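Peer 1: Structure below; questions to follow.
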2 protein chains.
Amino acid sequence: MTDKVDLVQARAVVQQCLHARLQVKPPDEESEAEWVEINRGMVIYLCFFKGANEDIIPKMVSALMNIKLCENESGKYVSVLDLPGSVLVIPQATLGGKAKGKGMQYHGNVGKAEGRQLYSQFVSQCDKELASTAKSSEAGVVVRHGTYGNRQVLKLDTNGPYTHLMEF
Amino acid sequence: MTDKVDLVQARAVVQQCLHARLQVKPPDEESEAEWVEINRGMVIYLCFFKGANEDIIPKMVSALMNIKLCENESGKYVSVLDLPGSVLVIPQATLGGKAKGKGMQYHGNVGKAEGRQLYSQFVSQCDKELASTAKSSEAGVVVRHGTYGNRQVLKLDTNGPYTHLMEF
């Protein structure tokens with residue numbers, strides 16, 4: 001029997017935001033923490049599973065950039081490209097967790113080197129997608145992203161997160 | 001062939017927070033908006049599917065209150081009961097969405113009346129669980145929750161959301 005769940009290559013949790021701020025470098029003795037931020041737009045928490053292949057990235061980016069998950073000024077849901085809004089991508093390996101007893105296990109997650117590469121491709125293709133859309137590039141919206149492997153210290157301000165799960 | 005995905009009765013997305021603030025009544029002509037808030041603890045976004053039965057609630061509450069998803073002062077992951085931390089429950093029907101073309105459909109979601117009842121049972125059993133745990137009741141941690149059917153205007157402050165998906 002084929003178990004559909006095991007064929008999932010990537011999992012994304014998507015929330016809309018009014019403002020989001022993510023730490024990309026923790027403070028150390030010499031410098032303060034560094035942050036990236038976006039205004040109105042979409043936060044994408046992202047996790048890849050074992051067997052994930054770079055072929056999936058264009059499909060994911062196209063689906064996430066074009067799906068109508070962002071509420072515009074008149075209360076209608078449009079895509080982040082049509083809003084136009086910014087995108088904050090957050091690597092979130094914990095999304096691959098499976099409960100075992102009182103703990104979580106992450107045996108299904110892709111390896112670190114591979115995950116880092118897929119993540120980086122995802123971010124750069126989001127960047128291209130926004131840059132190639134007249135509405136987005138004219139509005140000056142941006143793609144920002146967290147540092148793979150870091151703690152993702154996040155501050156999020158929403159008008160309703162409208163949380164969705166998307167698997168690929 | 002049994003499709004495991006269709007047997008899911010409930011979906012929860014869980015994040016840890018330092019502070020979370022949720023609007024439970026929008027402003028109107030006569031009064032300002034009303035908010036609930038928690039400090040350190042756990043945010044649970046919750047959605048029920050068709051076929052969800054109240055028998056699942058004790059199992060869900062026990063799993064979510066006891067699983068080690070909260071980082072304590074020494075960087076160790078413990079349950080929200082052991083932290084001890086507060087809990088913010090957010091009804092989030094959008095979590096039941098499935099992409100169809102560029103839109104989302106929610107055909108798998110439980111009906112409103114049933115969903116409201118399951119949600120209310122979930123919240124009250126979380127309440128009982130925290131109240132019956134010495135560590136939690138002594139620390140004065142709380143369960144707060146959004147209003148079912150409302151827009152969930154949320155402000156979230158984290159030290160790393162550590163996002164997990166749990167299905168029941």
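Peer 1: Pick out the one residue from A:Ile90, A:Ile44 that is closer than 30 Å to B:Lys68 by Cα, β-branched (Val, Ile, Thr) and within 10 Å of chain B (Cβ to nearest Cβ).
Peer 2: When all the criteria are applied, what remains is A:Ile90.
Peer 1: Please go through (1) surrounded by 13 or more Cβ atoms within 10 Å (Cβ to Cβ); (2) assigned to a loop (DSSP other than H, G, I, E, B) for A:Trp35 and return the number of the only condition it doesn't satisfy.
Peer 2: All conditions pass for A:Trp35, except number (2).
Peer 1: Residues to consider are B:Lys98, B:Lys76; find the one that is of a type in the set (D, E, K, R), at the interface with chain A (Cβ under 10 Å from one of its Cβ atoms) and open to solvent by 40 Å² or more (accessible area, probe 1.4 Å).
Peer 2: Values: B:Lys76 fails: at the interface with chain A (Cβ under 10 Å from one of its Cβ atoms).
That would be B:Lys98, the only listed residue that is of a type in the set (D, E, K, R), at the interface with chain A (Cβ under 10 Å from one of its Cβ atoms) and open to solvent by 40 Å² or more (accessible area, probe 1.4 Å).
Peer 1: Contact list please: Cβ distance under 7 Å, first residue in region A:124-139 and among the polar types (S, T, N, Q), second residue open to solvent by 60 Å² or more (accessible area, probe 1.4 Å), pairs at least six apart or on different chains.
Peer 2: Filtered contacts from region A:124-139: A:Gln125/A:Pro58; A:Ser137/A:Ala131.
Peer 1: Starting from residues that are open to solvent by 80 Å² or more (accessible area, probe 1.4 Å) and within 14 Å of chain A (Cβ to nearest Cβ), keep the ones in region B:47-68 and report whichever is nearest to B:Gly85 (Cα to Cα).
Peer 2: B:Lys68
Peer 1: Let me ask something else. Of all residues in region B:133-148, which are open to solvent by less than 60 Å² (accessible area, probe 1.4 Å) and within 22 Å of B:Val24 (Cα to Cα)?
Peer 2: Answer for region B:133-148, where residues must be open to solvent by less than 60 Å² (accessible area, probe 1.4 Å) and within 22 Å of B:Val24 (Cα to Cα): B:Gly140, B:Val141, B:Val142, B:Val143, B:Gly146, B:Thr147, B:Tyr148.
Peer 1: Condition first: over 26 Å from B:Asn150 (Cα atoms) and crowded, with 18+ Cβ neighbours inside 10 Å. Now tell me which residues in region A:149-166 satisfy that.
Peer 2: Passing the criteria: A:Gln152, A:Val153.
Peer 1: From the residues in region A:118-164 that are at the interface with chain B (Cβ under 10 Å from one of its Cβ atoms) and touching a helix residue (DSSP H, G or I) at 6+ places or on another chain (Cβ under 6 Å), which one is nearest to A:Val61 (Cα to Cα)?
Peer 2: A:His164
Peer 1: Would you confirm whether any residue within region B:7-23 is open to solvent by less than 60 Å² (accessible area, probe 1.4 Å), touching a Leu at 6+ places or on another chain (Cβ under 8 Å) and either at pLDDT below 95 or among the basic types (Lys, Arg) (or both)?
Peer 2: Checking region B:7-23: at least one residue is open to solvent by less than 60 Å² (accessible area, probe 1.4 Å), touching a Leu at 6+ places or on another chain (Cβ under 8 Å) and either at pLDDT below 95 or among the basic types (Lys, Arg) (or both).
Peer 1: Okay, moving on. List every residue pair whose Cβ atoms lie under 9 Å apart, where the two residues are 6 or more positions apart in sequence or sit on different chains, the first residue falls within region A:66-87 and is closer than 20 Å to B:Gln105 by Cα, and the second residue, located anywhere, is among the aromatic types (Phe, Trp, Tyr).
Peer 2: Close Cβ pairs (under 9 Å, with a partner that is among the aromatic types (Phe, Trp, Tyr)) amount to A:Lys68/A:Tyr77; A:Leu69/A:Tyr77; A:Leu69/A:Tyr162; A:Cys70/A:Tyr77; A:Cys70/A:Tyr162; A:Glu71/A:Tyr77; A:Glu71/A:Tyr162; A:Tyr77/A:Tyr162.
Peer 1: Only one residue in B:Leu88, B:Leu130, B:Leu83 is touching a Lys or Arg at 6+ places or on another chain (Cβ under 9 Å) and open to solvent by less than 30 Å² (accessible area, probe 1.4 Å), so which one is that?
Peer 2: Details: B:Leu130 fails: touching a Lys or Arg at 6+ places or on another chain (Cβ under 9 Å); B:Leu83 fails: open to solvent by less than 30 Å² (accessible area, probe 1.4 Å).
So the residue among B:Leu88, B:Leu130, B:Leu83 that is touching a Lys or Arg at 6+ places or on another chain (Cβ under 9 Å) and open to solvent by less than 30 Å² (accessible area, probe 1.4 Å) is B:Leu88.
The values are calculated or read from the model by the stated rules, or taken from the named source; none is laboratory data. Quantities reported herein were computed from a predicted structural model and do not represent experimental measurements. Neighbour counts are summed over all protein chains in view; Cβ atoms, including those assigned to glycine, are modelled from backbone coordinates with ideal geometry. Heavy atoms of the whole protein, side chains included, go into the accessibility calculation; ligands, DNA and RNA do not. Shrake-Rupley method; radii C 1.70, N 1.55, O 1.52, S 1.80 Å.
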